[in-house]
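Enquirer: Sending over a structure as structure tokens; questions will come in a sec.
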Amino acid sequence: MIEVKVPELAESITEGTISQWLIKVGDKVEKGDNLVELETDKVNIEVSAENDGVIEELLKEPGDNVEVGEIIAYLGNGEGSSSKSSDQDSSGKEEAKKEEKEAPEEAKSNEESKAHATESSEDEKSENERTVASPSARKLARELGVDLNNVETRDPLGRVRPDDVKAHADKANQKEAPKEKKQEAPKQQKPSPEANDGKPVERVKMSRRRQTIAKRLVEVQHTAAMLTTFNEVDMTAIMELRKRRKDKFLEDNDVKLGFMSFFTKAVVGALKKYPRLNAEIQDTDIVLKKFYDIGIAVGAEEGLVVPVVRDADKLSFAGIEQEIGNLAKKARDNKLKLDELQGGSFTITNGGIFGSMLSTPILNAPQVGILGMHKIQWRPMAIDQERMENRPMMYIALSYDHRIVDGGEAVSFLAKIKELLEDPEQLLLEG
């Protein structure tokens, strides 16, 4: 049989999680056919067959973690294996009969006793294998010394899973514990998550991507000296420009003129003037980036992802809108590639699409700056000492790493973005 192994995923990825099998045991596959979908820290990857054959065995279940190089299935040629084994069995039986006729009576009786012992052990083995269990559950049962026949399962089809084995082992350990410890336990132990006075709860396992997001966000809070500064932008000029040009823009470029292209251009213009916001820290060095790859945060079903618009300074408004639209669609369809998520120099996130008025965005490490956009809200604004007007206003927030970005520089950076947005003509010159 041919071993199906987890291939090299990417330079920084060494493991993944089985998301779903795209085939089942007995299916014929050809070289290049997709076998399984792996969920990694960033994207989902489909593993394809390297040979033609028939799926003989699946060693992993959806939800199991696997490492690069680990065997996850076996692929056979689907013909001749069973007949070959039966031929071997028949030839073995014939040889055994010849030996029995030639051997003395004592040897014959010994062989009979051994045969009976073998049959009984095979009976026990077959009895044990009658319990339907996943490969990972069988492995755990062997490690914990649990008899699968005694394990209760919550699976409607009666399939034993690793959680069932672990629960059975924990229950057995509790029964063997001394009574004194049982009496002391309620005083020392805290209530478990399930102890909710009988109220219904649902336990949902975090996806690998969600776990990675949680881990990295916490790491940023612990490693960066993060600070946030705020400002507000009068969106009147941009909204009037979009109103005048949106139909012509759509006709010429086959894409709508949104707000993200204006903000991306404004960020590029501000980064050119304040380059420390377009940098990262490596040991004791500050790496100033001379390119403008802007990450655009996109909310997907499995969690937030940040695809990157490459060389945003070289793209037109239409080019930026098209690239953002393409990346957002890939994110929603879970089709993003690893190289589309790596290497950004600065990030923009738009909480306004969800109705957020104000927030403090968290840095996307190792970047040292992130701009937060928010909901456009009509508010009365003082034009001068005597006049008031209702204006479409947006709060913007800049979170930055205070280790290399000073407060004055951060405030000036945000003020520059405000200046460029309130005078869109400048974006053609500075963005």
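Enquirer: State all residues of segment 264-313 that are in a loop (DSSP other than H, G, I, E, B) and either under 16 Å from Ile417 (Cβ atoms) or of a type in the set (Val, Ile, Thr) (or both); if no residue qualifies, say none. Give the steps one after another, and end with the answer.
Expert: Within segment 264-313, the subset in a loop (DSSP other than H, G, I, E, B) is 274, 283-284, 289-293, 297, 301-302, 306-307, 310-311.
Those that are in a loop (DSSP other than H, G, I, E, B) and either under 16 Å from Ile417 (Cβ atoms) or of a type in the set (Val, Ile, Thr) (or both): Tyr274, Thr284, Tyr292, Val306.
Enquirer: Tell me, please, whether a residue that is closer than 30 Å to Lys215 by Cβ and either modelled with pLDDT under 95 or polar (S, T, N, Q) (or both) can be found in segment 387-401. Let's see the steps before the verdict.
Expert: Taking segment 387-401 and keeping what is closer than 30 Å to Lys215 by Cβ, we get 395-401.
Filter once more, keeping what is either modelled with pLDDT under 95 or polar (S, T, N, Q) (or both): 399.
Scanning segment 387-401 turns up at least one residue that is closer than 30 Å to Lys215 by Cβ and either modelled with pLDDT under 95 or polar (S, T, N, Q) (or both).
Enquirer: Looking for whichever is part of a loop (DSSP other than H, G, I, E, B) and either among the aromatic types (Phe, Trp, Tyr) or not assigned by TED's automatic domain parsing to the domain that holds Ala331 (or both) here; the options are Gly16, Gly32. Which one fits?
Expert: Values: Gly16 fails: part of a loop (DSSP other than H, G, I, E, B).
The unique qualifying residue is Gly32.
Enquirer: Which one is surrounded by the fewest Cβ atoms within 10 Å (Cβ to Cβ) among residues in segment 336-380 that are among the hydroxyl-bearing types (Ser, Thr, Tyr) and touching a residue at least 40 places away in the same chain (Cβ under 8 Å)?
Expert: Going through segment 336-380, the residues among the hydroxyl-bearing types (Ser, Thr, Tyr) turn out to be 345, 347, 349, 356, 359-360.
Filter once more, keeping what is touching a residue at least 40 places away in the same chain (Cβ under 8 Å): 345, 347, 349, 360.
Values: Ser345: 24, Thr347: 22, Thr349: 24, Thr360: 14.
Only one residue tops the list, namely Thr360.
For (1) modelled with pLDDT of 95 or more; (2) under 19 Å from the mean Cα position of the chain (by Cα); (3) not in a loop (DSSP other than H, G, I, E, B), each residue gets a yes or a no:
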site: Asn334; (1), (2), (3): no, yes, no
site: Gly344; (1), (2), (3): no, yes, no
site: Gln367; (1), (2), (3): yes, no, no
site: Leu371; (1), (2), (3): yes, no, yes
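Matching residues to (1) at pLDDT 80 or above; (2) over 30 Å from Met373 (Cα atoms):
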{"site": "Arg161", "(1), (2)": "no, yes"}
{"site": "Glu184", "(1), (2)": "no, yes"}
{"site": "Thr212", "(1), (2)": "no, no"}
{"site": "Lys215", "(1), (2)": "yes, no"}
{"site": "Val220", "(1), (2)": "yes, no"}
{"site": "Met226", "(1), (2)": "yes, no"}
{"site": "Asn231", "(1), (2)": "yes, no"}
{"site": "Leu241", "(1), (2)": "yes, no"}
{"site": "Arg244", "(1), (2)": "yes, no"}
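Enquirer: Taking segment 213-230 only, how many residues are surrounded by fewer than 16 Cβ atoms within 10 Å (Cβ to Cβ) and either not assigned by TED's automatic domain parsing to the domain that holds Gly303 or not β-branched (Val, Ile, Thr) (or both)?
Expert: Going through segment 213-230 one residue at a time, the tally reaches 10.
Enquirer: Right, another one. Just a yes or no: is a residue in segment 186-208 hydrophobic (A, V, I, L, M, F, W, C), over 24 Å from Ala410 (Cα atoms), at pLDDT below 90 and assigned to a helix (DSSP H, G or I)?
Expert: No, segment 186-208 contains no residue that is hydrophobic (A, V, I, L, M, F, W, C), over 24 Å from Ala410 (Cα atoms), at pLDDT below 90 and assigned to a helix (DSSP H, G or I).
The values are calculated or read from the model by the stated rules, or taken from the named source; none is laboratory data. Every value quoted in this text rests on a predicted model; they were computed, and no experiment measured them. When we count neighbours, we look across all protein chains shown, and the Cβ atoms used for this are built from the backbone with ideal geometry, even at glycine.
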